[in-house]
1. What shape does the stretch 73-116 take by its C-alpha gyration tensor, where a ≥ b ≥ c are the square roots of the eigenvalues and a/c under 1.5 counts as rounded, a/b above b/c as prolate, and the rest as oblate?
2. Run the dipole for the chain about the Cα centre, Lys and Arg Cβ at +1, Asp and Glu Cβ at -1, nothing else charged, and hand back the magnitude in debye, nearest 20.
3. Count neighbours as other Cβ atoms within 10 Å of each site's Cβ, and list the trypsin sites (Lys or Arg not before Pro) in the stretch 65-104 that are DSSP loop with at most 14 such neighbours.
4. Which shape class, rounded, prolate or oblate, goes with the chain when its Cα gyration tensor gives a ≥ b ≥ c as root eigenvalues, a/c under 1.5 marks rounded, and past that a/b bigger than b/c marks prolate?
5. If amide hydrogens are placed 1.01 Å from N in the peptide plane, which non-local residues have theirs closer than 5 Å to the one on Tyr37?
6. Under a 1.4 Å probe, what is the accessible area of the chain per residue, stated in Å²?
7. Among Thr72, Gln115, Ala29, whose Cα sits farthest toward the positive end of the charge dipole of the chain (+1 at Cβ of Lys/Arg, -1 at Cβ of Asp/Glu, about the Cα centre)?
8. Leaving out same-chain residues fewer than 8 places away, which lysines sit with a Cα under 24 Å from that of Lys39?
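The values are calculated or read from the model by the stated rules, or taken from the named source; none is laboratory data. Here the structure is a predicted model, which means the values were calculated and not measured. Cβ atoms come from the backbone with ideal geometry, glycine included; neighbour counts cover every protein chain shown. Just so you know, the surface numbers come from the protein's heavy atoms only, side chains and all, with ligands and any DNA or RNA stripped out. Shrake-Rupley method; radii C 1.70, N 1.55, O 1.52, S 1.80 Å.
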Amino acid sequence: MRNTSPIRKDESLGHVVKVQQVIDFMVLAELQKGRRYGKEIDQVIISSLGGVGVNDSYLSKRLRVLNEKGHTISYWDSDHRYFRYYEITDLGREYFNQLLKELPDRVQLALKVYQMFDHILKKHD
């Protein structure tokens, strides 16, 4: 006789690791080293993730959200309006530390889920 009881859902795929958390973490980690302008942050993300980057408009949006929430401050370079600089705030350091505590478990879950999904894909090769 087949077991028809439903399998319990432990997590939602949308909550494994959110892209915004990864970007926020990467931005705030880089800002721990000092002020950076947007394109520098973009290049660090690309370099750190082996050539995988973020859509420019999405990164700009995340930088704006971090600024609006008080995690960063931003200002234009007085000589070159092309360079918008960002610095981390105390509130940003608190958020960074919160992400540092939450993300390792989320990343482990994501790895597990992707490995299981890879196994499913290989069944259909």
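1. Values: a/c = 8.81, a/b = 2.29, b/c = 3.86.
Taking the square roots of the gyration eigenvalues as a ≥ b ≥ c, the stretch 73-116 is oblate.
2. Values: 20 positive and 17 negative charges, 89 e Å.
It comes to approximately 420 debye.
3. Numbers: sites: Lys69, Arg81, Arg84, Arg93, Lys101; in loops: Lys69, Arg81.
Answer by residue number: Lys69, Arg81.
4. Details: a/c = 3.22, a/b = 2.19, b/c = 1.47.
Taking the square roots of the gyration eigenvalues as a ≥ b ≥ c, the chain is prolate.
5. Tyr86
6. Numbers: 9230 Å² over 125 residues.
It amounts to 74 Å² per residue over the chain.
7. Gln115
8. Lys18, Lys61, Lys69
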